[in-house]
Amino acid sequence: MASRPLIPLLLAFMAGILTGRLSHGATGALFVFLACVITVLLFLYHFMDPGLKRTSVLILFFLGGTLLQLGSQRPSNILPLAQQHQKVIVEGVLLQPPQVHKKTVKFSVLARTVFFRGKSIPAGEKMLITVYRNIPENLLPGGNLRFPARLRAFSNFRNPGCYDYETAMKIKGFSCAGAVSDGRRIEARGKTSLPFPYGYLELLKQPLREFFHRTLSPEDEKLFNALILGERRGIDKTLREPFNRTGLGHVLAVSGLHIGLVAWLSFFFLKWLMARSYRLTLAINVRKAAAVLTYIPVILYASLAGLQISCQRAMIMALVFFGSILLDREKDIWSTLALAAFIVLAIEPMSLFSIGFQLSFTAVLGILWLAPPFLSTKSVPAKNLNRITSLWFRLKRGLTGLVVISLAAQIILLPLIVQYFHRVSPVALPANITTIPLLGFWIIPAGLLASLFLPLCPLLAALILHIGATGVHVMMAIIRFWSHFPFASLWMVTPTAMETGLFYGLLFCVFFFKKWRWTKPVLALICTAIFLDTIYWIHTTSFHRDLRVTYLDVGQGNAALVEFPGKKRMVIDGGGFPGSEFDVGRNVIAPYLWKQKITQVDYLVLSHPQADHMKGLIFLAEAFHPKEFWYNGDSSRDAAFSELMNIVSSRNMDTLLPVSLSRGRKISRVQIETLHPPPRQQIPGKRWSLNNRSLVLRLSYRGRSFLFPGDIESQGEKIMLKNGPKKMRAQVLLSPHHGSKTSNSREFLAAVVPRVCIVSCGEKNRFGFPHPSTLEILRRKKCRIFRTDRDGAIQISVSAKKGKDKIRTWGNHWKPFPVRLAP
């Protein structure tokens, strides 16, 4: 602690922030108590022994972190309304240009006043607004808006392995979201001054947006907006995917890489320029002067990029490093890194829980730890001085440094990248080596120079920008070249916390294997633990004897994973949102599968081609190598259905219809029966014909049955009753049509006689599912009801042993409890 006191102080501060996050329920009382404790410790500090003073300083930083985190949890006036999904009138100012999708538009608004039931509520909070129809035109930052919106709180999907969307939005400063059904209801009321710093940033960015728009092609415009202005609104899936496949997704977000490149180039250019003057070299310390002047381009670039959280973090890291040069402490890089992290967390404690903060500082830590041994050079005699200073030697040394730094960052970040993004790219190293120099020496300098010359000489600025656009073309050609390799991107299972610890422990022991003796037995223990962990997961995923059925929380929709005894798996329906680009398969279902170490799904089942059952299956069909696709034979005009069927055809999956399934299937001792639709029977009715033709499956194993009725309604239920009510009996029922009152008839439930009923629906959905009458009927039949909107994911395990059946829910922290399913 004496040599580098900032490191233990930072760790204590981070532990305090984590404690404050975990104790958010007692914010007020705990805040006052901690403030009193800190006051007492500060008073007693002068009377303590030196050894006790060091301990008290650590305690003070720990308590300070806790206090700061509790203080950052500011109360919201509109969040209670959002939690109740209330409809309000919002008056506010548009902060940034809207993000237009195919059929919707999103924008952020600083809500100044909210009107609810005739009362005005002062807000002063950021909201994320989505418009679903009739997208309004000419929405510009600074515009005063008034519109009706239905508010909702940000919430996560309640499944193991889910992304913490709620925390991510909180870090960005949003209080809640709002939905506007019709854009024509948005009333523009002139312009006003934007709050700090949005007003000043918009003055810088708006001329550049217009300049890029009139000078560049659409694709080049989108990329320059992302690389120079930090605006990724136009980066669609098609343009983003080559970056993600090659491990270059970080290039599209202005962060440490971009700020670091600008800072490095500016520093060495300014240092070289001032060194040309003999007088200036004698008068001042050129190195320190260059460090001070580098602050200007770093701050300007971060401001151009919108001073977003990633920009702020990278800017602070760069400014702290150049500040260490002024203080002659640049060699103590570990303390510099600790100081930068401390400043970032002091400004925004919630940054500790952001993916960007963890990736940025872990990457720098890995470079500082792993790279130096491979970059160290021996002294060279004076007679070889000309060779050293030659261009070839410098290029060789620079390329070696780029390779070592890229490799060190990728190694140290591997568990975090797999944890958060679930994919790795074997071509990431060559892709970074061939792309980053173009970005740092060609594209970003050209973009910034063009921005600088725009007010002085527009023609010269356009020429420079076209030169930069040529660099973008070269970069995209290289990225697309690497992304076309079949092995360019591999989807990976999610590591547990223990596995992440084992990886870093293994890396540590290997790195210090020759230096410290004790690393050898520790390395042996780690290898043993890795072996046992591998055996455990192989047994759990491939040799278990239970039937496990997991009903996932996919919002307003259906999705269920069936894990047969052994290693066969089936997904029945995939959820999805009509009119939305949100990929439920990629962002909700797949993370759960990867969390369970599942990389293949053998059977995909679509009950009927509606978005809330179908869209999530598209990604699963692409990434999980299914062998068979079962569906009811209906088609749909939805583009998602065409995309799904194209993937099924291109992957040569066996397509099975009700006719092929009418005799039933047996998979790993589990009997599967198709109860509906009848292979050659016409379903009456037009309005509900698609729902009433849902593919209905019944799975039976050791005397316990599961019924999956899709969205079947009363007409379909009558046909099923007519064709054989005894076949419908099941201990576990997935409530038809999400608990709708047009389904779940008394006759249907009397035939099924469920002991457990699962209702898969979205929280406070606009349809009012599940209907109270449905729940009342189920309660009267003494059926145990679970709901994905309240309980989250629900897993029911049918054991090979009698009396060992279990249920676990995400709402109950995924702890299993016994349930009696056997008749």
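The values are calculated or read from the model by the stated rules, or taken from the named source; none is laboratory data. Being a predicted model, the structure only gives us computed values, none of them experimental. No Cβ is skipped: glycine too gets one built from the backbone with ideal geometry, and neighbour counts run over all protein chains shown. Surface areas here come from the heavy atoms of the whole protein model, side chains and all, with no ligands, DNA or RNA. Shrake-Rupley method; radii C 1.70, N 1.55, O 1.52, S 1.80 Å.
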Seminar exercise, completed: Dividing the alpha-carbon radius of gyration of region 718-776 by 2.2 N^0.38 Å, where N counts its residues, gives 1.14
For this session: Describe numerically, in nm with one decimal, the distance between label points set 7 Å from Cα along Cα→Cβ at residue 135 and at residue 484.
Result: 3.1 nm
For this session: List the extent of the Cα atoms of region 233-375 along each of their three principal axes, largest first, rounded to whole Å.
Result: 55, 35, 30
Seminar exercise, completed: Against the 2.2 N^0.38 Å rule of thumb, the C-alpha Rg of region 133-285 sits at a ratio of 1.45
Problem set entry | Residue-averaged [θ]222 nm for the chain, counting only DSSP H segments that reach four residues, each worth -39500 (n - 2.57) | -15000 deg cm²/dmol
For this session: For region 13-172, state what percent of all Cα-Cα pairs lands in each successive 10 Å bin, counting from 0 Å until the bin that includes the largest distance.
Result: 9, 27, 26, 19, 12, 6, 1, 0
For this session: Grab every C-alpha pair in region 650-803, bin the distances at 5 angstrom width from 0 up to the longest one, and report whole percents.
Result: 2, 9, 18, 21, 20, 15, 10, 4, 1, 0
Seminar exercise, completed: quick note, the chain, DSSP beta bridge pairs, % antiparallel (nearest 5) is 75 percent
Seminar exercise, completed: Dividing the mean separation of Cα pairs under 8 Å (6+ apart) by the residue count of region 737-823 yields a relative contact order in percent of 23 percent
Problem set entry | Table column - 3J(HN,Hα) (Hz), region 282-295, Karplus curve with 6.51, -1.76, 1.60, x for Gly and Pro | 6, 7, 9, 7, 4, 5, 5, 5, 5, 4, 5, 5, 5, 4
For this session: Determine, from the Cβ-Cβ distance of residue 535 and residue 181 and an R0 of 51 Å, the FRET efficiency 1/(1 + (r/R0)^6), rounded to the nearest 0.05.
Result: 0.40
Problem set entry | Neighbour cut-off at most 15 other Cβ (10 Å), DSSP loop, trypsin sites (Lys or Arg not before Pro), region 414-517 | 514, 515, 517
Problem set entry | Largest-first principal axis extents of the Cα set of region 588-651 (Å) | 35, 22, 17
Seminar exercise, completed: Using alpha carbon centers only, region 188-244 is separated from region 402-458 by a whole-angstrom value of 20 Å
Exercise. If R0 is 51 Å, what FRET efficiency do you get for residue 347 and residue 280 from their C-beta distance, rounded to 0.05?
Worked result: 0.90
Problem set entry | Simple spin-label estimate for residue 449 and residue 106 in nanometres, 7 Å along Cα-Cβ | 3.6 nm
Problem set entry | region 738-823: projected area of the alpha-carbon convex hull, averaged over directions, in nm² | 6.0 nm²
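What is the extension gain from residue 801 to residue 491, computed as 0.36 nm multiplied by their sequence separation minus the C-alpha to C-alpha distance, in nm to one decimal? Kindly include the intermediate steps, with their values, before the conclusion.
Working: separation 310, 0.36 × 310 = 111.60 nm, distance 3.50 nm.
So the extension gain works out to 108.1 nm.
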Seminar exercise, completed: In nm, the gap between the two label points placed 7 Å beyond Cα toward Cβ at residue 542 and residue 747 is 5.0 nm
Problem set entry | Loop sites in region 270-336: chymotrypsin sites (Phe, Trp or Tyr not before Pro), DSSP, at most 14 other Cβ within 10 Å | none
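Given the convex hull of the Cα atoms of region 195-307, what is a quarter of its surface area in nm²?
It is 9.2 nm².
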Problem set entry | Calculated over region 320-381: convex hull of Cα atoms, volume per residue (Å³) | 95 Å³
Exercise. Extension gain residue 403-residue 331, at 0.36 nm per residue separation less the Cα-Cα distance, in nm?
Worked result: 23.7 nm
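Would you please report the Å³ per residue occupied by the convex hull of the alpha carbon atoms in the chain?
Per-residue hull volume (Cα only) is 217 Å³.
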For this session: Counting other Cβ atoms within 10 Å, keep those with at most 14, restrict to DSSP loop, and tell me which GluC sites (Glu not before Pro) in region 125-217 are left.
Result: 137
Seminar exercise, completed: Zone reached by a paramagnetic label modelled 7 Å from residue 156 Cα along Cα→Cβ, restricted to region 761-802 with backbone N below 16 Å, covers 789-794
For this session: Report the far tail of the P(r) of region 509-628, meaning the percent of Cα-Cα pairs longer than 22 Å.
Result: 46 percent
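So, for the chain, what is the accessible surface per residue at a probe of 1.4 Å, expressed in square angstrom?
49 Å²
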Exercise. Using a Förster distance of 35 Å, how high is the FRET efficiency between residue 635 and residue 213, based on the Cβ-Cβ distance and rounded to 0.05?
Worked result: 0.30
Seminar exercise, completed: Whole-Hz Karplus couplings 3J(HN,Hα) for region 330-337, θ = phi - 60° and coefficients 6.51, -1.76, 1.60, Gly and Pro as x, run 5, 6, 8, 5, 5, 5, 4, 4
Exercise. What lysines could a cross-link reach from residue 331, if we take a straight Cα to Cα line under 19 Å and drop same-chain neighbours fewer than 8 places away?
Worked result: 271, 288, 378
Problem set entry | Extension gain (nm, one decimal) between residue 287 and residue 655, 0.36 nm per residue minus Cα-Cα | 125.6 nm
Problem set entry | Close Lys-Lys pairs in region 107-214, where close means Cα under 19 Å and separation is 8 or more or interchain | 4
Seminar exercise, completed: Flagged as over-length at 26 Å C-alpha distance, from 103/595; 597/804; 87/222; 103/741, the pairs are 103/595; 87/222; 103/741
Exercise. Can you give me the relative contact order of the chain as a percent, contacts being Cα pairs under 8 Å and 6 or more apart?
Worked result: 8 percent
Exercise. Given C-alpha coordinates of region 192-257, what is the ratio Rg to Rh with the Kirkwood estimate of Rh?
Worked result: 1.04
